[in-house]
Amino acid sequence: VRFTWNLNRGGTKKSTRYWRNGVRGESGVSDDDLALEVLSHYSSTSESASVIEEGTGEVVDEQTAQEETEDKLKQCIDNLMDKSAKTRLAALESLHLGFSSRVLYEFLLERRFTISDCLERSLKKGGGEEQATAATVCALLCVQLGGGVEGEEGFKMLRPILSSILIDSCASLPARQSCARALGMCCYVSASDDAEDLLKSIGHLESVFVGSYPLGDGTLPSVKAGIPALHSAALQSWALLCTLCPASRINTILNHHMPRLHTCLESSEVNFRIAVGETIALLCELGRDIDQEFEYEDCDALCDSLKNLATDGNKHRAKNDRRKQRSIFREVLHYIENEDFTEEKIQFGIEAIYIDGWIRRRIYDAFKEVLESGVRHHLQFNPLLRDIFGLGPPLILDASVKASRISRTERHLFNSAAFKARTKLRNKVRDKRADVM
């Protein structure tokens with residue numbers, strides 16, 4: 001089975017190449033049934049670029065399926081301007097599913113301003129559920145458009161309203177949480193070369209999760225239900241953006257935040273504790289990237305806290321929570337003490353990436369949180385993710401290529417070398433950004 005693609009060079013600042021497959025199909029659905037039909041359509045067509053039907057040998061035209069999907073998405077985009085909140089929400093949910101399931105760069109390129117305007121309107125005037133879904137679609141739109149000029153334009157339009165909802169204590173908690181994740185992802189993808197937008201986004205995220213930092217007397221504040229989940233989302237997005245900061249900024253972050261994050265390990269909320277532990281490990285990795293001899297000044301006390309959490313057997317905590325906590329904090333402890341990290345393999349198609357550090361894990365987890373079950377499809381076909389993880393252009397597969405798979409060791413060495421090269425390039429960008437800051 002040969003996978004065919006229409007190759008088009010996108011007009012982006014980074015001269016990234018984008019691929020899409022598609023020919024025209026037909027669509028005719030009512031507003032009420034649109035979300036369910038799109039859901040059914042995606043679930044049956046999002047895995048591969050061509051399939052042979054069993055027993056017949058006939059090739060299912062995936063290009064036609066792609067264009068049928070696009071026709072349904074056009075109706076969803078039209079519905080974003082409907083007066084009915086129910087219709088708008090259904091359209092947003094369908095776009096959420098569509099954007100996460102397929103690569104739609106060319107389709108979205110000519111509609112990005114219309115979609116951005118509609119998303120901005122939903123964020124400003126919609127209810128909490130509509131705002132939360134619109135924020136997620138904002139993140140997916142940036143992932144689809146990539147890190148070029150088009151993505152930057154969309155981010156500059158949407159960043160103010162995402163930030164406004166995030167820091168608004170009267171806004172819906174799910175909407176604020178969704179905006180925290182969207183702001184981190186959009187900024188990571190679209191503003192990695194813009195020091196001003198990067199610092200503003202980091203500042204807004206930081207202003208949220210510091211609400212869980214210790215008070216003047218060293219005790220942790222009491223927070224109402226739902227707030228720890230918001231603080232976790234803000235902290236994880238902040239950690240993602242820290243990977244873009246120059247060395248001078250990292251040193252400031254380490255000095256200011258490490259002692260406070262250490263105290264936050266005593267939080268009563270297990271998911272927030274885990275987010276804090278992973279962030280501490282990521283910051284230590286950033287510190288060691290800058291200085292191989294880096295060590296947190298109160299490392300012994302930190303290791304004691306991590307050991308307690310790695311062996312926690314308190315019966316008042318749920319069994320699954322205790323198991324998850326012990327697993328994560330054992331990994332964090334091993335990294336702090338010995339720089340050990342349990343490598344994880346992510347397989348997709350005939351390819352794989354290897355998660356071999358806390359920075360790389362945070363980046364992958366951030367995309368997984370946004371793309372959900374579509375993350376493997378995007379790793380195969382989305383040039384943005386393939387660039388970030390050092391995979392090169394999307395593969396054009398046929399039977400002969402499938403038959404000659406390279407070994408696991410060769411793939412691992414190639415991916416590791418590509419990631420190291422990308423890290424060196426990012427360090428150069430950090431140095432340039434440091435001059436601006």
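The values are calculated or read from the model by the stated rules, or taken from the named source; none is laboratory data. If you're wondering where the values come from, they're calculated on a predicted model, not measured in any experiment. Methodologically, a virtual Cβ is constructed for each residue, glycine included, from the backbone with ideal geometry; neighbour enumeration extends over all protein chains shown. Quick note on the areas: whole protein, heavy atoms, side chains included, nothing else; ligands and nucleic acids left out. Shrake-Rupley method; radii C 1.70, N 1.55, O 1.52, S 1.80 Å.
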- Hey, any hits in segment 297-309 for a residue that's open to solvent by 100 Å² or more (accessible area, probe 1.4 Å), modelled with pLDDT under 90 and out of contact with any Lys or Arg (no Cβ under 7 Å at 6 or more places or on another chain)? yes
- Only one of (1) assigned to a loop (DSSP other than H, G, I, E, B); (2) farther than 29 Å from Ser172 by Cα; (3) modelled with pLDDT of 90 or more is not met by Gly218, so which one is it? (3)
- Query: Got at least one residue in segment 253-263 being open to solvent by 10 Å² or more (accessible area, probe 1.4 Å), without any contact (Cβ under 8 Å) to a residue 12 or more places away in the chain and not assigned by the TED database to the domain that holds Val189?
  - Reply: yes
- Inspect all residues belonging to segment 397-405 and state whether any of them is crowded, with 17+ Cβ neighbours inside 10 Å, at pLDDT below 90 and not assigned by the TED database to the domain that holds Leu286. yes
- Note on the structure: Residue pairs qualifying under the 9 Å Cβ cut-off, at least six apart or on distinct chains, with the first in segment 369-390 being in the same structural domain as Glu150 (by the TED database) and part of a loop (DSSP other than H, G, I, E, B) and the second being crowded, with 22+ Cβ neighbours inside 10 Å and at pLDDT 95 or above, are none
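Just wondering, is there one or more residues in segment 115-122 that are crowded, with 21+ Cβ neighbours inside 10 Å and under 16 Å from Thr69 (Cβ atoms)?
As a first pass, look at segment 115-122 and keep what is crowded, with 21+ Cβ neighbours inside 10 Å: 115, 118-119, 122.
Still in the list and also under 16 Å from Thr69 (Cβ atoms): 115.
Within segment 115-122, one or more residues are crowded, with 21+ Cβ neighbours inside 10 Å and under 16 Å from Thr69 (Cβ atoms).
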- Message: Taking the conditions exactly as written (of a type outside the set (Asp, Glu), out of contact with any Asp or Glu (no Cβ under 9 Å at 6 or more places or on another chain) and over 21 Å from Leu384 (Cα atoms)), does Leu95 satisfy them or not?
- Response: no
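With the condition kept exactly as written, say whether any residue in segment 177-193 is in contact with a helix residue (DSSP H, G or I) (Cβ under 6 Å, 6 or more places away or on another chain), in contact (Cβ under 8 Å) with a residue 12 or more places away in the chain, part of a helix (DSSP H, G or I) and more than 30 Å from Ser248 (Cβ to Cβ). I'd like the intermediate steps shown before the answer.
Of the residues in segment 177-193, the ones in contact with a helix residue (DSSP H, G or I) (Cβ under 6 Å, 6 or more places away or on another chain) are 177-191.
From what's left, in contact (Cβ under 8 Å) with a residue 12 or more places away in the chain: 177-191.
This time we only want the ones that are part of a helix (DSSP H, G or I), so: 177-190.
With more than 30 Å from Ser248 (Cβ to Cβ) added as a condition, the list becomes 177-178.
For segment 177-193, residues in contact with a helix residue (DSSP H, G or I) (Cβ under 6 Å, 6 or more places away or on another chain), in contact (Cβ under 8 Å) with a residue 12 or more places away in the chain, part of a helix (DSSP H, G or I) and more than 30 Å from Ser248 (Cβ to Cβ): present.
Just to be sure before I move on: is Glu206 open to solvent by 30 Å² or more (accessible area, probe 1.4 Å), closer than 29 Å to Asn382 by Cα and not in a loop (DSSP other than H, G, I, E, B) in the structure I sent? First the steps, then the outcome.
Values: open to solvent by 30 Å² or more (accessible area, probe 1.4 Å): yes; closer than 29 Å to Asn382 by Cα: no; not in a loop (DSSP other than H, G, I, E, B): yes.
Answer is no for this residue.
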- Message: farther than 21 Å from Arg362 by Cα and assigned to a helix (DSSP H, G or I): is that true of Gly211 in this structure?
- Response: yes
- Task: Being of a type in the set (A, V, I, L, M) and touching an Asp or Glu at 6+ places or on another chain (Cβ under 8 Å) is the filter; apply it to segment 186-228 and report the residue that is nearest to Ala134 (Cα to Cα).
- Result: Ala191
